[in-house]
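Worksheet for the structure shown next.
The values are calculated or read from the model by the stated rules, or taken from the named source; none is laboratory data. Computed from a prediction, not measured in an experiment: that's the story for all the values here. Here Cβ is always computed from backbone atoms with ideal geometry, including for glycine, and neighbour counts include all displayed protein chains. Ligands, DNA and RNA are excluded from the accessible area calculation, which covers all protein heavy atoms including side chains. Shrake-Rupley method; radii C 1.70, N 1.55, O 1.52, S 1.80 Å.
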Amino acid sequence: MSSMDSQRRVVSGMRPSGRLHLGHYHGVLKNWVRLQHEYECFFCIVDWHALTTDYESSGEISQNVMSMAVDWLAAGVSPSSATLFIQSQVPEHAELHLLLSMICPLGWLERVPSYKELQQNLQDKNLDTYGFLGYPLLQAADILLYRAGLVPVGADQLPHIEFARDVARRFNHLYGREDDFESKAEAAIRKLGKKTSRLYVSLRKNYQEQGDVEALNTARAVIKEQQTITIGDQERLYGYLEGCGKLLLPEPQALLGEAPKLSGLDGGKMAKSNSNAIYLRDTPTEIEEKIRRMPTDPARVHRSDPGEPTRCPVWQMHLAHSEEAVCQWAEQGCRSAGIGCLECKAPLIDSIKADLAPLQERALDYEQNPDLVRSILAEGAERARDEARETLIDVRQAMGLNYR
Ligand code: TRP
Ligand code: SF4
């Protein structure tokens, strides 16, 4: 059972936390911008996930969603290359979540590490709720709804992706084979067009009767090239080649980014507070002030004390933003006490300002045109729904809910 085409599809989501900072940019968005040119990408603002923890203060969610959309667009996530949408505008996520909840053992949810951990960390909130327990299942639905093969996430999300794989496997095990698989596969063959379907049939025959692996591979390549048939049909055709059923929900895989996690300006976690991170839309003055106030190697009390860059958060930022030569200059100047800390920070301020300038210009355009942002998201939701509906037709039917 092959699922090569789902390997071309990427899904990821982000909680609408409001304005995004440099950590999001280097850790996530730059990666998405790259992926959108290589894969079919669905990027989802998961407002329902925000509700699982912030249901008592939900008034800010919609504003945060819009603000995050602006930052995505400003960072270069492009509606002509990727599908950007709001989770709650695609109600199919809720239906799949509900259907999967029927087969998801409670123990699986209770065992996801983030469950107890977050409950502990967010003690000021009552997270003894049904919705919060179901957080990973909602995330699994986000992914499986698009039969995506790849999910770009940070390492902290690995347990959630593993969980989504478990759910997919269980679903396939329970409902894997469509009842009328054969006739659906035949119908899919007819959709290929005369020439291609004849080729497919003969390649399949060669493989099945003579074990011709070459023919199998060629047939797969032929299916892979088909742009006009649905992913569901493509999966059927793959399955039919080998004589087995269609894989209803392919198991997704995490795609870990290479970017190291940026720490906060104080060396701790970024964005614990407003002043501990540089936001993509901070003004040049704010950027300058934040960097000037950044703590440095604590052992470097006097200008004449040599410092140790590896103990200094400013150095971390140099590595992410400055050119090789500047990094070397800072490293040597620090260890030899040849430069002072303010001197060291100056080129960093410049390079961050320069990095963010084009992005901020784009952000301004979108900020001044909220209707454009809304229409991008609405269009994205429509595109996402088209795909989501396909999956749900198959899922409902597999689970015995077909009344036509
Ligand atoms: N749980 C993810 C996070 O906190 C967000 C998320 C929701 C997500 N649905 C997703 C990520 C689907 C990837 C795919 O970062
Ligand atoms: Fe940090 Fe630069 Fe000061 Fe060294 S010179 S402690 S790297 S700010």
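Think of each Lys and Arg Cβ as +1 and each Asp and Glu Cβ as -1; about the Cα centre, that makes the dipole of the chain roughly 660 debye.
To the nearest 10, the accessible area of LEU98 is 90 Å² with a 1.4 Å probe.
Only one residue of HIS37, VAL167, PRO298 has its Cα farthest out toward the positive end of the dipole of the chain, where Lys and Arg carry +1 and Asp and Glu -1 on Cβ, and that residue is VAL167. Normalising the average separation of contacting C-alpha pairs (under 8 angstrom, six or more residues apart) by the number of residues puts the relative contact order of the chain at 23 percent. Computed over the chain with a Gaussian network model linking Cα atoms closer than 10 Å, the most mobile of SER12, SER263, SER202 is SER202.
In this label model, LEU364 and ARG190 are separated by 5.9 nm, measuring between points 7 Å along each Cα→Cβ vector.
Of the listed residues VAL11, VAL201, the order by accessible area with a 1.4 Å probe, largest first, is VAL201, VAL11. Looking at the chain alone, DSSP beta bridges between its own residues are antiparallel in about 5 percent of cases. The simple Förster model, with R0 at 25 Å and r as the Cβ-Cβ distance, assigns LYS205 and GLN7 a FRET efficiency of 0.45.
Per residue, the convex hull spanned by the Cα atoms of the range 134-199 measures out at 123 cubic angstrom. At the residue level, GLU323 shows approximately 140 square angstrom of accessible surface with a 1.4 angstrom probe and all protein chains present. The C-alpha atoms of the chain define a longest principal axis, and helix 61-75 lies at about 80 degrees to it. PRE reach from ASP124 (point 7 Å along Cα→Cβ): which of the range 41-72 fall under 15 Å by backbone N? Under 15 Å, as judged by backbone N against the label point of ASP124, lie 53-58 of the range 41-72.
Around the Cα centre of the range 281-366, unit charges on the Cβ atoms of Lys, Arg, Asp and Glu (plus for the first two, minus for the last two) sum to a dipole of about 300 debye. The phi torsions of the range 247-256, fed into the Karplus equation with coefficients 6.51, -1.76 and 1.60 and a -60° offset, translate into couplings of 7, 6, 10, x, 7, x, 10, 6, 10, 7 Hz, rounded to whole numbers, with Gly and Pro shown as x. Distance distribution note for the range 269-381: the fraction of Cα pairs above 25 angstrom is 35%. The HN-Hα couplings worked out from phi for the range 343-352 by the Karplus form 6.51 cos²θ - 1.76 cosθ + 1.60 (θ = phi - 60°) are 4, 5, 6, 4, x, 5, 4, 4, 6, 5 Hz, whole numbers, x standing for Gly and Pro.
Using 25 Å as the Cα-Cα cut-off, could you pick out the over-long pairs in LYS125/LYS290; LYS30/LYS116; LYS191/LYS224; LYS194/LYS224; LYS116/LYS290?
LYS125/LYS290; LYS30/LYS116; LYS116/LYS290
Structural descriptor for the range 180-242: relative contact order 42 percent, calculated from alpha carbon pairs under 8 angstrom and at least 6 residues apart. Compute the acute angle (0 to 90°) between the alpha-carbon long axis of helix 213-225 and the principal axis of greatest extent of the alpha-carbon atoms of the chain; round to the nearest 10°. The two axes meet at around 70 degrees. Heavy-atom accessible surface of the range 281-366, averaged per residue, reaches 54 Å², computed with a 1.4 Å probe. One chain, two ends: SER183 and SER17. Fully extended at 0.36 nm per residue, the span grows by 55.1 nm beyond their Cα-Cα distance. When a 1.4 Å probe is rolled over the protein heavy atoms, the share of accessible surface on the chain that falls to carbon and sulfur comes to 50 percent. With R₀ set to 60 Å, the beta-carbon distance separating ARG396 from GLU308 gives a calculated FRET efficiency near 0.45. Each of GLN316, TYR135, LEU237 was scored by the projection of its Cα onto the charge dipole of the chain, and the greatest displacement toward the positive side belongs to LEU237; charges sit on the C-beta of Lys, Arg, Asp and Glu.
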